[in-house]
Amino acid sequence: MNRVIRRRPHLLWLLFPYVLFVVVLPLVNRVPLLVVWLFGATVLTPCAVALARRGDRR
Amino acid sequence: MSPAVVAVSVFGVSMVLTVVLGLLAVRREAGGGLDAWSVGGRSLGPVFIWVLMAGEGYTSFSYLGAAGWGYNYGAPVLYVVAYMSCGYAVGYVVGPMLWGYARKHGLVSLSDIAAHRYRRPWLGAAVAVLATVFLLPYVQLQITGMGVVVSTISYGTIGLDLAYFLAFAVTTAFVVVSGLRGSAWVSVLKDSLVILTLGFLVVYVPLHYFGGFGEFFGRLVDEKSEWLSLPGHGGETSGYGVGWFASTTVLNSLTVVIFPTTVAGYLGARDADTLRRNAVWLPAYNVLLFVPMLLGTAALFVVPGLVGAESNLALFELVTDSLPAWGVGLVGVAAALSSIVPMAVFMLVIGTMWGRSVLSLAPRLRHREKGAAQLVVVVAGTLALAMTYTAPNTLVRLSLISYEGMAQLLPLVLLGLVWRRMTLRGGVCGLGVGVAVVCVLVFSGHDPLWGVNAGLLALVANLAVAVSVSLLGPPETGDDRRDEDVLALEEFTDAAVGPAASPGRG
C-alpha cells in the first residue's frame, strides 16, 4: 500500500470526502452550519475525485 | 376526468414505455449468454454506466424513507449523502480493480469472484446464498415502496395489495427479458424524470407554501432547528448522533463498493477508465438527495402530525396537495422507476449469482446458466412479494440490516483480493463472527451500540478474526497459482492508468 501511495500520491484525494463528511463532523454540527456544510461537501466530492483522476492521467 | 384517472393514465403509459425500452435494449442481444444478460456483455459506456449506477443508488427509499426521516428526525438522514459520496470516491479504485479481475477471469458476479479467489465453488455458492438473504429485504423494500407510490398517486383507488403485485409483475417481466442492458436504458428515462421532478419540486414547494426558499429555510431555522443538526429531532435517545452518523458513513461507504448490485454495474463497463470517469461524476447526483430531506421538513409545516409509516408519505402529501393530477402522475412515475431500476438489478444479481455459483454446481444445469438465472429471478421476486404481504417492516431498518450484513463480506472478498496471505479459513471464520455479531446486536435492539453502528463493530471483529486466523493458522496449501492469477493488484500498477489501458474493449 505504501508503494502505491508513493507512486500515485494523488490517490490521497480520495480520502478528502471522509475528512469533509466524517473527521470534521463534530466541529460543524450546529444550526444552520451542518446542512450547508454537508451540501458543500457533496459539491466538493466530485472535485476531489477529479483531482485523483487528473493525477492518474499525467 | 377524475384526478385518479389522469394520474393512473400517466403512470400506465409510462410503465408501457418502460417495458418497450427494455425490449428495445435487448433486441440486438437476443441469444446472448449469461454474460450478455447479467453484465451487458461488458460493453456499457460512460453515459449508460452513469445512469445505471445513479439509478441503483437513488431508490424509492430516496422518495419515501428519506422524506420520512427528514420529517421525523431531520439531519440524520443525510448519512445517505455522506456514505454515497465517500463510497463513490472509494469506487474510483475498487471499481476498476474488480472490473479488471472479472474480465481477466471471465467472472460475472461477486460470488463468482469469491469462488475464483479461493478456488472453491462451494464458497461461491455460500456467498450467493448469504448475499441473497441480505438482498431479498431490499427487493421487498422496493416492492413496498412502489406499491405505496402507486396506491398514493391513484388517490387510493388502487389498493396496496394490488399495487404490490403490479410492482412485482412489471419488474420481474422487465428484468427477465431485458437484463442489465435494459436496466441501463430504462435508467435514462428514470434519471431524466428524477432530475426533472426533484429540480422542479425543490423550487416549487418552498415558493408555493412559504413564498420562497429563503423564507422556508428561515422558518426551519427559527421553528424547527432541532431538525438541522445531529442527533436530529429524536434527541440523544434516538441514537442518531455524531458517532452513529460517522460510523454509518464509513461502514456503508466501504460496503457500497462491494454491494452485488454495484459490482454488476462495475462489471458491465466497457473499460476501467469508464469507471474512473464515472467516479468523478456520480457524486454530483447526490445533490438531489437533499431534496427529499428538505421536502420532508417542509411537510412538518404543511401536514403536521404524520406518525409512524405515514411519515414516509411526507413528500407525496405535498405533491398530491399542491400539484395537478398529471403532475402527481409524473412524480409517481419517477418514484416508481426509482423502485423498478434498483429492484431489477437486485433481482438480476440474485439470478446471476445463483445461475453461475449455485445451480451450475449441478452438471445438468451447467450449460443452462442463463435460463436457470432467469428462473431464479422469478422465484426471488415471488418470495419477496410473499414477504411483503406477510412480514412488512419499516423501510430504513431493512436497508440498514442489508448493509450491515453485506459489509461482513468485505474482508473475505476485498482484502482477499489484495492480500495473498488471507486464507479461506481466516475469511470464513471472520465472516461467521461478523454476521453473528450483526444478528445479535440488531435483533436484540442494540444497534447502534455506544453510539456506533453495529455493523462497523461487527466488521472490526470480523477483520480481527480473519487476519488473526490467516496469520496464526496454517497457510493455504495446494494453490500453486501465481499471485497475478489470484489477486487483483493490476489496478495498482502504473500500467493500469497508462495510455494503453484506457481504450479497452468489452
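The values are calculated or read from the model by the stated rules, or taken from the named source; none is laboratory data. All of these numbers come straight from a predicted model, not from anything done at the bench. When we count neighbours, we look across all protein chains shown, and the Cβ atoms used for this are built from the backbone with ideal geometry, even at glycine.
Looking at (1) of a type outside the set (Phe, Trp, Tyr); (2) in contact with an Asp or Glu (Cβ under 6 Å, 6 or more places away or on another chain); (3) closer than 30 Å to B:Phe301 by Cα, which is the only condition B:Val149 fails?
So the condition that B:Val149 fails would be (2).
Keeping to the range B:214-226, report how many residues are more than 9 Å from chain A (Cβ to nearest Cβ) and either surrounded by 19 or more Cβ atoms within 10 Å (Cβ to Cβ) or part of a helix (DSSP H, G or I) (or both). Give the derivation first.
In the first step, residues of the range B:214-226 are kept if they are more than 9 Å from chain A (Cβ to nearest Cβ); the result is B:214-216, B:218-219, B:222-224.
Within this subset, residues satisfying the condition of being either surrounded by 19 or more Cβ atoms within 10 Å (Cβ to Cβ) or part of a helix (DSSP H, G or I) (or both) are B:214-216, B:218-219, B:222-223.
Looking only at that region, the number is 7.
Of all residues being over 10 Å from the mean Cα position of the chain (by Cα) and surrounded by 15 or more Cβ atoms within 10 Å (Cβ to Cβ) in the range A:1-21, which is nearest to B:Leu251 (Cα to Cα)? Just the residue, please. Outline the logic, then answer.
Taking the range A:1-21 and keeping what is over 10 Å from the mean Cα position of the chain (by Cα), we get A:1-11.
Filter again for surrounded by 15 or more Cβ atoms within 10 Å (Cβ to Cβ), leaving A:4, A:8, A:10-11.
On the way: A:Val4: 23, A:Arg8: 25, A:His10: 23, A:Leu11: 20 Å.
Among those residues, the one meeting the criterion is A:Leu11.
Out of the range B:275-290, which residues are more than 9 Å from chain A (Cβ to nearest Cβ) and crowded, with 24+ Cβ neighbours inside 10 Å? Don't jump to the end; show me each part of the working.
Going residue by residue through the range B:275-290, those that are more than 9 Å from chain A (Cβ to nearest Cβ) are B:275, B:278, B:285, B:288.
Once the filter is applied, which keeps residues that are more than 9 Å from chain A (Cβ to nearest Cβ) and crowded, with 24+ Cβ neighbours inside 10 Å, the range B:275-290 yields B:Leu275, B:Asn278.
Could you pull out the residue among B:Val80, B:Val129 that is assigned to a helix (DSSP H, G or I) and surrounded by fewer than 24 Cβ atoms within 10 Å (Cβ to Cβ)? Quick ask: steps written out before the conclusion?
Working: B:Val80 fails: surrounded by fewer than 24 Cβ atoms within 10 Å (Cβ to Cβ).
The match here is B:Val129.
Take B:Ile158 and tell me if it is in a helix (DSSP H, G or I), closer than 18 Å to B:Ser339 by Cα and in contact with a Ser or Thr (Cβ under 7 Å, 6 or more places away or on another chain). Don't jump to the end; show me each part of the working.
Working: in a helix (DSSP H, G or I): no; closer than 18 Å to B:Ser339 by Cα: yes; in contact with a Ser or Thr (Cβ under 7 Å, 6 or more places away or on another chain): yes.
For B:Ile158, the condition - in a helix (DSSP H, G or I), closer than 18 Å to B:Ser339 by Cα and in contact with a Ser or Thr (Cβ under 7 Å, 6 or more places away or on another chain) - is not met.
Would you be able to say whether some residue in the range B:22-29 is part of a helix (DSSP H, G or I) and within 29 Å of B:Val302 (Cβ to Cβ)? Give the derivation first.
The first filter runs over the range B:22-29 and keeps only residues part of a helix (DSSP H, G or I), leaving B:22-29.
If we keep only those that are within 29 Å of B:Val302 (Cβ to Cβ) too, we end up with none.
Scanning the range B:22-29 turns up no residue that is part of a helix (DSSP H, G or I) and within 29 Å of B:Val302 (Cβ to Cβ).
Regarding B:Gly329, is this residue away from every other protein chain (no Cβ under 14 Å), surrounded by 23 or more Cβ atoms within 10 Å (Cβ to Cβ) and touching a residue at least 12 places away in the same chain (Cβ under 8 Å)? Even if it seems obvious, please write down each step before you answer.
Values: away from every other protein chain (no Cβ under 14 Å): yes; surrounded by 23 or more Cβ atoms within 10 Å (Cβ to Cβ): yes; touching a residue at least 12 places away in the same chain (Cβ under 8 Å): yes.
When the stated conditions are applied, B:Gly329 passes them.
Inside the range B:56-77, can you point out the residues that are within 14 Å of chain A (Cβ to nearest Cβ) and either in contact with a Lys or Arg (Cβ under 9 Å, 6 or more places away or on another chain) or not in a helix (DSSP H, G or I) (or both)?
Once the filter is applied, which keeps residues that are within 14 Å of chain A (Cβ to nearest Cβ) and either in contact with a Lys or Arg (Cβ under 9 Å, 6 or more places away or on another chain) or not in a helix (DSSP H, G or I) (or both), the range B:56-77 yields B:Tyr58, B:Tyr73, B:Gly74.
Which residue, of B:Ala25, B:Ala7, is buried (at least 23 other Cβ atoms within 10 Å of the Cβ) and in contact with a Phe, Trp or Tyr (Cβ under 8 Å, 6 or more places away or on another chain)? If you could, list the steps in order and put the result at the bottom.
Working: B:Ala25 fails: buried (at least 23 other Cβ atoms within 10 Å of the Cβ).
Going through B:Ala25, B:Ala7 in turn, the sole match is B:Ala7.
Scan (1) touching a Cys at 6+ places or on another chain (Cβ under 7 Å); (2) β-branched (Val, Ile, Thr); (3) modelled with pLDDT under 90 for the single condition B:Thr237 breaks and write down its number.
Unmet condition: (1).
Considering the range B:78-104 alone, what residues qualify as being closer than 14 Å to B:Leu275 by Cβ and within 14 Å of chain A (Cβ to nearest Cβ)?
Residues of the range B:78-104 that are closer than 14 Å to B:Leu275 by Cβ, as a first pass: B:87-103.
Answer for the range B:78-104, where residues must be closer than 14 Å to B:Leu275 by Cβ and within 14 Å of chain A (Cβ to nearest Cβ): B:Gly87, B:Tyr88, B:Ala89, B:Val90, B:Gly91, B:Tyr92, B:Val93, B:Val94, B:Gly95, B:Pro96, B:Met97.
Kindly indicate the residue of the range A:32-42 that is surrounded by fewer than 18 Cβ atoms within 10 Å (Cβ to Cβ) and within 7 Å of another protein chain (Cβ to nearest Cβ) and also nearest to B:Met293 (Cα to Cα) among those meeting that condition. Break it down into steps so the answer makes sense when it comes.
Start the filter on the range A:32-42 by keeping residues that are surrounded by fewer than 18 Cβ atoms within 10 Å (Cβ to Cβ), which leaves A:32-33, A:36, A:39-40.
Now drop any that are not within 7 Å of another protein chain (Cβ to nearest Cβ), which leaves A:32, A:39.
Values: A:Pro32: 15, A:Phe39: 12 Å.
Filtering first and then ranking leaves A:Phe39.
I'd like the residue in the range A:22-31 that is surrounded by fewer than 16 Cβ atoms within 10 Å (Cβ to Cβ) and assigned to a helix (DSSP H, G or I) and, out of all such residues, is farthest from the other protein chains (Cβ to nearest Cβ).
By that ranking, first place goes to A:Leu27.
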